[in-house]
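Take a look at the structure set out below.
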Amino acid sequence: MTQLFKKTFSAIMLTGLLSVPAFAGTAISVDLWDAGSDMTMVDNMRMMNHQNMMGMENAPMGIKLSAKTVPAGEITFDTLNSSKNLEHEMVVALLVDGMTALPYKENRGRVDENAPNMNLGEVSELEPGEKSSLTINLKPGRYMLYCNVDGHYASGMWTLLTVK
Ligand SMILES: [Cu+2]
């Protein structure tokens, strides 16, 4: 850290720049988690029904980010599926101003990824314990990261990200 600081500092001195050093991008850690029981499809459906009563704070699964706001530009999502027994994924969507509901297919329990802005990039199905990264360029705006495995979005597996 100190070394890096010195290098950065001398680079600034050498080039005579007083502004922020050139920004190579931002990395965010993404944790795809769940409560960890042996959940079957039937349990998933039951969770979806409970969701309305429970509220998000009691959701049985979710997405946790190391940062909720990041600068525009190249963003790397270092994604870990920390579940012990379920596959999860992470899809990036842009929330357009005034949007009140996502294009959601009730019959399939999934967000419609083919709808505009609903899939700007993804880390597709990760096995329990598996990691993968996605790097994409994001403009300022409000984004949502979600898991589109059947029933998971409705079970609370989404979070918001602000790009400034
Ligand atoms: Cu999931």
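Worth pointing out:
- Placing a label point 7 Å from the Cα of S82 along the Cα-to-Cβ direction, the residues of the stretch 95-135 whose backbone N falls under 12 Å of that point are 129.
- Multiplying the residue separation of E74 and S133 by 0.36 nm and subtracting their alpha-carbon distance yields 20.0 nm.
- Across all directions, the average projected area of the convex hull around the alpha carbons of the stretch 99-164 is 5.2 nm².
- On full extension, the segment bounded by L160 and T100 gains 20.2 nm, given 0.36 nm per residue less the C-alpha separation.
- Only aspartates and glutamates eight or more places from K139 in sequence, or on another chain, were considered; those with a Cα closer than 15 Å are E74, D97.
- Alpha-carbon centroid distance for the pair the stretch 109-164 / the stretch 65-94, whole angstrom: 7 Å
Bear in mind these aren't lab numbers, they're just calculated from the coordinates by the rules spelled out. These numbers were taken from a predicted model, which means no experiment stands behind them. Here the Cβ is made from the backbone with ideal geometry for all residues, glycine too, and neighbour counts use every protein chain on show.
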